[in-house]
Amino acid sequence: MGISQIMSTSLAVLLNPAVIFAAVVVMFYLNFVNYVVRYRKKPPKIKKKKVIAAPAPAEDAAGEDM
């Protein structure tokens with residue numbers, strides 16, 4: 001088997017649609033695995049509680065003795 005036969009055979013194998021499809025599937029799978037490994041959840045946002053101001057005490061005008 002000469003170098004020209006090896007080159008033509010390898011070219012025929014690499015241009016085979018099944019080989020191309022398998023290579024694409026493996027690349028997508030590896031990208032997905034890499035994404036899962038590196039995934040970090042965002043820290044939860046701190047929710048600000050609304051401060052409800054207490055109603056001002058009602059002043060009695062009749063209750064004042066000075």
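The values are calculated or read from the model by the stated rules, or taken from the named source; none is laboratory data. The shown structure was predicted, so the numbers you read here are calculated from the model rather than taken from an experiment. Backbone-built Cβ (ideal geometry, glycine too); neighbour counts: all protein chains shown. Please note that ligands, DNA and RNA were not included when accessible areas were found on the heavy atoms of the full protein model with its side chains. Shrake-Rupley method; radii C 1.70, N 1.55, O 1.52, S 1.80 Å.
The table below gives the values:
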| item | result |
| --- | --- |
| Meets criteria (open to solvent by less than 100 Å² (accessible area, probe 1.4 Å), assigned to a loop (DSSP other than H, G, I, E, B) and either of a type outside the set (Ser, Thr, Tyr) or at pLDDT 80 or above (or both)) for Ala53 | yes |
| Check on Ala18, of a type in the set (Gly, Ala, Ser), surrounded by 10 or more Cβ atoms within 10 Å (Cβ to Cβ) and at pLDDT 85 or above | no |
